[in-house]
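Participant: Shown below is the structure under consideration.
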Amino acid sequence: VQLQASGGGLVQAGGSLRLSCTASRRTFNNNGVGWFRQAPGKEREFVATISWSGGSTYYRDSVKERFTISRDNIKNMVYLQMNSLRPEDTAVYYCASGRRSFVGTVSSEYVYWGQGTQVTVSS
């Protein structure tokens, strides 16, 4: 079981990036998916989560109105559109999948993890 995150890069403050997460149909099927991030010297933190149907989403306060999580279950893809990026968004971003239709904000609730993609926002 493996998730693959991609789409990271270097962007100036105020810019945008779209992260993608792919996995096997078995990994995503009927399961919620979340995005987490970890900045240097800091603990991993929750960013956003989406239910299997895509009908329910939840974000950490600091990214609301700037980030949008979405998914395409036909393509087995989950996306994180990040707009109005700030230097404090700099981190390695990870996607993760749980074993129920909607998984919350706690990392231990997620079972499968990707390898991470680096996002760097310059001021």
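The values are calculated or read from the model by the stated rules, or taken from the named source; none is laboratory data. Nothing here was measured: the structure is a model prediction, and the numbers come from that model. With ideal geometry, Cβ positions are generated from the backbone for all residues, glycine too; neighbour counts draw on all protein chains shown. When the accessible area is computed, the model is the full protein with side chains, heavy atoms only, and any ligands, DNA or RNA have been set aside. Shrake-Rupley method; radii C 1.70, N 1.55, O 1.52, S 1.80 Å.
Participant: Can we say Arg71 is touching a Gly at 6+ places or on another chain (Cβ under 6 Å), of a type in the set (Lys, Arg) and in contact (Cβ under 8 Å) with a residue 24 or more places away in the chain? Before the answer, list the steps.
Facilitator: Numbers: touching a Gly at 6+ places or on another chain (Cβ under 6 Å): yes; of a type in the set (Lys, Arg): yes; in contact (Cβ under 8 Å) with a residue 24 or more places away in the chain: yes.
Yes, satisfied.
Participant: Taking segment 42-92 as the search range and keeping residues that are open to solvent by 20 Å² or more (accessible area, probe 1.4 Å), aliphatic (A, V, I, L, M) and part of a strand (DSSP E or B), which one is nearest to Thr120 (Cα to Cα)?
Facilitator: Val92
Participant: Could you tell me which numbered condition Asn31 fails, if it satisfies all but one of (1) open to solvent by less than 60 Å² (accessible area, probe 1.4 Å); (2) closer than 27 Å to Leu10 by Cβ; (3) touching a residue at least 12 places away in the same chain (Cβ under 8 Å); (4) more than 12 Å from the chain's Cα centre (by Cα)?
Facilitator: The one condition Asn31 does not meet is (2).
Participant: To continue, here is another question. Looking only at segment 98-123, count every residue that is modelled with pLDDT of 95 or more and assigned to a strand (DSSP E or B) and tell me the total.
Facilitator: Within segment 98-123, residues that are modelled with pLDDT of 95 or more and assigned to a strand (DSSP E or B) number 6.
Participant: Given the conditions (1) open to solvent by 60 Å² or more (accessible area, probe 1.4 Å); (2) without any contact (Cβ under 8 Å) to a residue 60 or more places away in the chain; (3) among the hydrophobic types (A, V, I, L, M, F, W, C), report the number of the one that Trp113 does not fulfil.
Facilitator: (2)
Participant: Answer with yes or no whether Val33 is closer than 20 Å to Ala23 by Cα, out of contact with any Phe, Trp or Tyr (no Cβ under 7 Å at 6 or more places or on another chain) and modelled with pLDDT of 95 or more.
Facilitator: yes
Participant: Considering only residues of segment 9-28 that are farther than 22 Å from Gln118 by Cβ and among the polar types (S, T, N, Q), which is surrounded by the most Cβ atoms within 10 Å (Cβ to Cβ)?
Facilitator: Thr27
Participant: Follow-up question, since we're still on this one. Residue by residue through segment 93-110, note down the ones that are surrounded by 14 or more Cβ atoms within 10 Å (Cβ to Cβ), out of contact with any Cys (no Cβ under 8 Å at 6 or more places or on another chain) and either within 16 Å of Gly14 (Cα to Cα) or in contact (Cβ under 8 Å) with a residue 24 or more places away in the chain (or both).
Facilitator: Selection gives Tyr93, Tyr94, Ala96, Ser97, Gly98, Phe102, Val103, Gly104, Thr105, Ser107, Tyr110.
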